[in-house]
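The values are calculated or read from the model by the stated rules, or taken from the named source; none is laboratory data. Model, not experiment: these values are computed from the prediction. As a convention, Cβ positions derive from the backbone with ideal geometry for all residues, glycine included, and neighbour counts pool all protein chains shown. Surface areas here come from the heavy atoms of the whole protein model, side chains and all, with no ligands, DNA or RNA. Shrake-Rupley method; radii C 1.70, N 1.55, O 1.52, S 1.80 Å.
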Amino acid sequence: MKENDKTIKVSKLKNGTVIDHLKPGTAIKALHVLGIEGGNAISIGMYFESEKMGKKDILKIENKELKPHEVNKIALISPNATLSIIENYEVKKKRRAYLPDVIEGIVKCGNPNCITNYENIRTKFYVIKVSNGEIKLRCHYCERVFKKDEVELI
Amino acid sequence: MGNITEKSFKGKDLVSIRDLSKEEILFILNYAKKFENYRGNLLSGKILATIFYEPSTRTRLSFESSMLSLGGKVLGFSSSSSSSVSKGESLWDTVKTVEGYADIIVIRHPLEGAARLASEASSIPVINGGDGANQHPTQTLLDLYTISKVREGLDNFKIGFLGDLKYGRTVHSLVQALLNFDCDFYFISPEVLSLPLGFKEEIRAEGKSFVETENLLDVLSQLDILYVTRIQRERFPDPMEYEKVKNVYIITPDILKDVKKDLKILHPMPRVNEILKEVDKLPYAEYFNQSKNGVTIRKALISLLLGVTL
Ligand SMILES: [Zn+2]
């Protein structure tokens, strides 16, 4: 795969996690959503050439094996993201991120009259997959339904 | 899903009509019949707390009457301003405190989702008495109870919703609940106050159709139930728009000339002028019975959630 050769622009990872095929421009946001701060060395690649996507972002996190449920949050901002666990320079596991049925704590409710915007509580949204492939989110508290791009990440 | 019994509701909350299945709704409506004229000591020694973060005399009185008729006691507060929401103790802490004082809580709050949060904080049952524009499930249940009483069931009837269908919480919840049953919907409102798109999509997703019109007389003669709501001036960005429609959706004895003879008119109350007093004495007027049904259904619910049943 040609694409793979290009992604190696950032130094090769010995152990850790590669999150690839991020929507261009979302790598920083993705790091934030993952809640990774300090400790591990992180390489961020942005606007790399991609055959499939035109442009893409990529994240490499050293010495940390991310769990699928952690990475799934990323599907919200980047539905095609993939996750590879690297061990001793080899890809041990590779899978695609997919949106979980319930999203907790990473999305802010877009309803200004929602209790979650007043009290200090963790937000919770139910993912509704509409028949045409569109993704909607319903707030567990105020029950409003939002299109994916109508909500803000915390 | 096992069979639903009286015990199925013990210790549960009622936050949203979404939380109830069709079978549970039917169970509650049927169980409520026992409470029509009940007054006794079923719940003696039990305490209902009403925590009202905005005033709603009607809802509070209905809950208090229900608890008192069951032989229980009530305590609570009702704050008149929205300031209590923004300053002072968090809702979570208030609920954690009140659960030590009572056996069941009714909460009314101007913010949407407040009742859900209260139910998560509380170890005793919580009933949502209205959370902003979101839900008011006991209103929905009493509407369903009223319809099922006058229609002898919840299938095979034509229901028209009149007035403010855009912001009308009672309309939204009732439509949602009725999707479980076999009835035809008619939505009658000025265009600016028509039913939100999401609800229309939900109806279509259930494979049902509906009629939408601005003119009541187009459909009135076909209806079995007419659900009237108030049109509020504040809803109109342009006062001229309000002036245009304010007298169009008023129920008078005159416009009821050609209706079905068993038509029933419902209204969540209070009304202002959208149903003239002269209509009250006509056989179509059901709205005061509807208010009374509210006490019946609330008695039944409190009994079920506390697990002390008739
Ligand atoms: Zn919300």
Query raised in the report: Scanning for something open to solvent by less than 80 Å² (accessible area, probe 1.4 Å), in contact with a Lys or Arg (Cβ under 7 Å, 6 or more places away or on another chain) and not aliphatic (A, V, I, L, M), does region B:16-29 turn up at least one residue?
Result: no
Requested in this report: Examine region A:74-84 for a residue that is touching a His at 6+ places or on another chain (Cβ under 6 Å) and open to solvent by 70 Å² or more (accessible area, probe 1.4 Å), and state whether such a residue exists.
Outcome: yes
Report summary line: The correct count of residues that are away from the ligand (no atom under 16 Å from the Cβ) and within 14 Å of another protein chain (Cβ to nearest Cβ) in region B:99-121 is 3
Requested in this report: Looking only at region A:142-154, count how many residues are of a type in the set (D, E, K, R), farther than 19 Å from residue B:137 by Cα and within 13 Å of the ligand (Cβ to nearest atom).
Outcome: 2
Report summary line: In region B:125-153, anything free of Cβ contacts under 8 Å to residues at least 60 places away in the same chain, away from chain A (no Cβ under 14 Å) and open to solvent by less than 30 Å² (accessible area, probe 1.4 Å) is listed as B:153
Query raised in the report: Of the numbered conditions (1) free of Cβ contacts under 8 Å to residues at least 24 places away in the same chain; (2) among the aromatic types (Phe, Trp, Tyr); (3) more than 14 Å from chain B (Cβ to nearest Cβ), residue A:89 satisfies every one except a single condition; which is it?
Result: (1)
Query raised in the report: Mind checking whether some residue in region A:144-154 is at the interface with another protein chain (Cβ under 10 Å from one of its Cβ atoms), at pLDDT 90 or above and under 18 Å from residue B:201 (Cα atoms)?
Result: yes
Requested in this report: Starting from region B:58-71, take each residue that is under 15 Å from residue B:104 (Cβ atoms) and charged (D, E, K, R) and list its partners that are surrounded by fewer than 20 Cβ atoms within 10 Å (Cβ to Cβ) and at pLDDT 95 or above, counting only C-beta distances under 7 angstrom and pairs at least six apart or across chains.
Outcome: B:64/B:74
Query raised in the report: Would you pick out the residues in region B:30-64 that are in a loop (DSSP other than H, G, I, E, B), open to solvent by less than 60 Å² (accessible area, probe 1.4 Å) and either within 15 Å of residue B:107 (Cα to Cα) or of a type in the set (D, E, K, R) (or both)?
Result: B:36, B:53, B:54, B:56
Query raised in the report: So residue A:103 clears everything in (1) within 16 Å of the ligand (Cβ to nearest atom); (2) within 14 Å of another protein chain (Cβ to nearest Cβ); (3) not in a helix (DSSP H, G or I) except one condition, right? Which one?
Result: (2)
Report summary line: residue A:109: passes all of (1) at pLDDT 85 or above; (2) within 16 Å of the ligand (Cβ to nearest atom); (3) open to solvent by 20 Å² or more (accessible area, probe 1.4 Å) but (3)
Query raised in the report: Has region A:120-141 got at least one residue that is touching a residue at least 12 places away in the same chain (Cβ under 8 Å), assigned to a loop (DSSP other than H, G, I, E, B), more than 14 Å from chain B (Cβ to nearest Cβ) and more than 16 Å from the ligand (Cβ to nearest atom)?
Result: no
Requested in this report: Identify all residues within region B:22-57 that are modelled with pLDDT of 95 or more and farther than 27 Å from residue B:289 by Cβ; write none if there are none.
Outcome: B:44, B:45, B:46, B:47, B:49, B:51
